[in-house]
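Visitor: Below you'll find the structure I mean.
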């Protein structure tokens, strides 16, 4: 079996009394498109920073393509491209210069320039290649940040909320390019606030809460396991008390009921008939990752 | 253009980036310190020429030039590493270097190399401008080069320590104004320590900057307050101490990797 792209064993990270990670074990195989989800403060970025060597673990170890991120940090970092969450840039240089520098730090020289140009093209930065980083708009800075992580063509790419606050056009462009890289064999690890992105892109998902992994499975299994379907009803009147245990969301006279199995729909409709409440509109909706997320991580959290 | 092997490309790239960084703002990093040094030269030589007696047969203006050169070299070598690090830390772009496979030693050498280049460029520019106006001898070019290199390396290293330690520009300014400036001004840039009362002479001998300037000046005039060999030993000892401390800080990830 091939070496895992990332293997995390018993990772703990304490900041003083705060236990940011309480023992995380996770293996991500080569070629996976993997999502790391969790509310703010769950420990996703801490885990990524440990992977990248920006933080040192309190306990445990992490290997990237078989190389320990502490004792073999030079080899492990060669395999890793990280897009940081914060929009940071070097104000002294233009986009192309920054990308060539970034590739150069990893030992890549002029032979890598064609790849740098390909990344520039794919992320729609071609007409900004000679523009100083300082003069770029927020969206363009985000593209440049992503390009920097890819400049040395790493086999494992970590994107820490790459689409936070960016427009639809960039999201589509970015995901088109990242999907292509994934098809070509790159491993992609993604954290995002947009659960629909994780649902459509990622084969496997880990959900984190308070420094621990609380769910780890394929996206399909999680959807199957944790929620059925939702029934959205627009009623002439209020919801009968007998249906309240199924209520997931209610606003005005529109109610969303969670169905564990389709047979429950029949029950819901009969209860409505019994109570004499008329149905103005009805929709059966497939559960999505947000439902799974809320049922596992808890309501009131954001991914 | 010469070819750099893949093994050294990382360190070469960082060195090149650091040199380009100060070159892009050369008005601030090169022209401005040269102008400041020339203004010092103009004013002090005008006011003190013929009034201050330093070495036999050495006019005060000529005496002043190596001191001003060294002072500017030291300040700029310090400024290069310290400002690059603090800016990258505050702006957050230091992460681009921390994510790379560059070892702590490679990182140190690249930063230090660029700071030495800036220090030497400033020193050379001051020399080239001032020799138009003042007759400046060169007795031992070897000593000049040794002290120029060692001085820039020492302050470049000190700049790395300050850049790692400081978390905001305010702390860096304090470092510059309360440590670097007093040590430079009280090191014999403008005077020979033999002109000081004996107590202050003794105090000056605890200042490492004094040895850098005194040794450097020896290269020009063949005369100095203390033996250039003593100065060299002191400067190398301080350089070794600060290099050890810097490498220890970088290796442990102090204030850089949590």
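Visitor: Give me Rg/Rg_expected for the stretch B:1-52, where Rg uses Cα atoms only and Rg_expected = 2.2 N^0.38 Å with N residues.
Guide: Compactness ratio reported: 1.96.
Visitor: Next question, about the same structure. What shape does the stretch A:1-64 have by the C-alpha gyration tensor, where a ≥ b ≥ c are the square roots of the eigenvalues, rounded means a/c under 1.5, and otherwise prolate means a/b greater than b/c and oblate the rest?
Guide: Prolate is the answer for the stretch A:1-64, as a/c is 1.5 or above and a/b outweighs b/c.
Visitor: Compute the separation of the alpha-carbon centres of the stretch A:4-49 and the stretch B:95-166 and state it in Å as a whole number.
Guide: Using only Cα atoms, the two centres lie 42 Å from each other.
Visitor: Using Stokes-Einstein with the Kirkwood hydrodynamic radius over Cα pairs, what translational diffusion coefficient do you get for the stretch B:137-258 at 25 °C and a viscosity of 0.890 mPa s, in µm²/s rounded to a whole number?
Guide: Approximately 158 µm²/s, per Stokes-Einstein.
Visitor: What are the radius of gyration and Dmax of the protein assembly as shown, computed over its Cα atoms and given in Å?
Guide: According to the Cα coordinates of the protein assembly as shown, Rg and Dmax are 31.7, 117 Å.
Visitor: Once you order the gyration tensor axes a ≥ b ≥ c over the Cα atoms, which shape class does the stretch B:201-245 get: rounded for a/c under 1.5, otherwise prolate or oblate by comparing a/b with b/c? It would help to have the intermediate numbers written out before the result.
Guide: On the way: a/c = 2.69, a/b = 1.57, b/c = 1.72.
It comes out oblate by the Cα gyration axes.
Visitor: Also, quick follow-up: If the viscosity is 0.890 mPa s and the temperature 25 °C, what translational diffusion coefficient in µm²/s does Stokes-Einstein give for the stretch A:131-193 when Rh comes from Kirkwood over Cα pairs? The partial results should precede the final answer.
Guide: Values: Rh = 12.3 Å.
My calculation gives 199 µm²/s for D.
Visitor: Order A:247-258, B:195-206, A:178-189 from most to least packed using the mean count of other Cβ atoms within 10 Å.
Guide: A:178-189, A:247-258, B:195-206
Visitor: Given the C-alpha atoms of chain B, compute the convex hull and give its volume per residue in Å³. Mind dumping the intermediate values first?
Guide: On the way: hull volume 36.1 nm³, N = 258.
Enclosed volume per residue, from the Cα hull, is 140 Å³.
Visitor: Still on this structure: For the protein assembly as shown, what does -39500 (n - 2.57) per DSSP helix run (n ≥ 4), summed and divided by total residues, give at 222 nm, in deg cm²/dmol to the nearest 500?
Guide: Details: 21 runs with 283 residues, N = 561.
About -16000 deg cm²/dmol.
Visitor: For the stretch A:1-156, what does the equivalent ellipsoid look like in terms of its semi-axes, each the square root of 5 times an eigenvalue of the Cα gyration tensor, given largest first in whole Å?
Guide: Those come to 30, 18, 13 Å.
Visitor: Could you identify which residue out of B:231, B:187, B:103 has the top mean-square fluctuation in a GNM of chain B using Cα springs shorter than 10 Å?
Guide: Maximum among the listed residues: B:103.
Visitor: Based on the Cβ-Cβ distance from residue A:220 to residue B:5, what FRET efficiency comes out when R0 is 35 Å, to the nearest 0.05? Each step should come with its number before you reach the end.
Guide: Numbers: r = 48 Å, r/R0 = 1.38.
Efficiency computed from Cβ-Cβ geometry: 0.15.
Visitor: Also, quick follow-up: Beyond 17 Å, how much of the Cα-Cα pair distribution for the stretch A:98-210 remains, as a whole percent?
Guide: Numbers: 3509 of 6328 pairs.
Percent of Cα pairs beyond 17 Å in the stretch A:98-210: 55.
Visitor: Same structure, new question: Kirkwood hydrodynamic radius, computed over distinct alpha-carbon pairs, for chain A: how many Å, to one decimal?
Guide: Result for chain A stands at 21.4 Å.
Visitor: Rounded to whole Å and ordered largest first, report the semi-axes of the equivalent ellipsoid of the stretch A:228-286 derived from its Cα gyration tensor (root of 5λ).
Guide: With the √(5λ) rule applied to the stretch A:228-286, the semi-axes are 16, 12, 10 Å.
Visitor: On to the next question. For the stretch A:93-151, state the semi-axes of the equivalent ellipsoid (square roots of 5 times the eigenvalues of the alpha-carbon gyration tensor), sorted largest first and rounded to whole angstrom.
Guide: In descending order, the three semi-axes are 18, 11, 9 Å.
Visitor: Still on this structure, I have one more. How far apart, in nm, are two points set 7 Å out from the Cα along the Cα-to-Cβ line at residue B:237 and at residue B:103?
Guide: 2.9 nm
Visitor: How many angstrom lie between the C-alpha centres of the stretch A:165-187 and the stretch A:63-120?
Guide: Result: 18 Å between the Cα centres.
Each reported figure results from applying straightforward, stated rules to the coordinates on display, with no laboratory input. Predicted model, so just to flag it, every value in this text is computed and none were measured. For neighbour counting, all protein chains shown are included, and Cβ atoms are generated from backbone atoms with ideal geometry for every residue, glycine included.
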